[in-house]
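Presented below is the structure to which this report refers.
The values are calculated or read from the model by the stated rules, or taken from the named source; none is laboratory data. For clarity, every value in this text was computed on a predicted model and none was experimentally measured. Cβ coordinates were reconstructed from backbone atoms using ideal geometry, including for glycine residues, and neighbour counts include every protein chain displayed. Ligands, DNA and RNA are stripped out before the accessible areas are found, and what is left, the full protein with its side chains, is counted by its heavy atoms. Shrake-Rupley method; radii C 1.70, N 1.55, O 1.52, S 1.80 Å.
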Amino acid sequence: GTRIICDRKFLLECKNSPVARTPPCCLPQTPGVTSLAQSSLVKLEELKERNESEEAMPDQDQFEMDI
């Protein structure tokens, strides 16, 4: 068999290639691998809503104290 030997400089140059920065056109959509999983998208939306609601609420004491 033949071996293809690449030096470090060549491999580092390939990293900056425009082809290396774009995903392949025929890549299947696999949730959690090639695209965000649906559950993580839902979680992201929930976190955004929580942050917006917390910003809208004025500062309140964490615990109510009966004096």
So which pairs qualify, if the first residue must be in the range 3-22 and surrounded by 10 or more Cβ atoms within 10 Å (Cβ to Cβ), the second must be part of a loop (DSSP other than H, G, I, E, B), the Cβ gap must be under 9 Å, and the two must be at least 6 apart or on different chains?
Cys14/Cys6
For the range 52-63, does any single residue satisfy the condition of being assigned to a loop (DSSP other than H, G, I, E, B), open to solvent by less than 100 Å² (accessible area, probe 1.4 Å) and modelled with pLDDT of 70 or more?
no
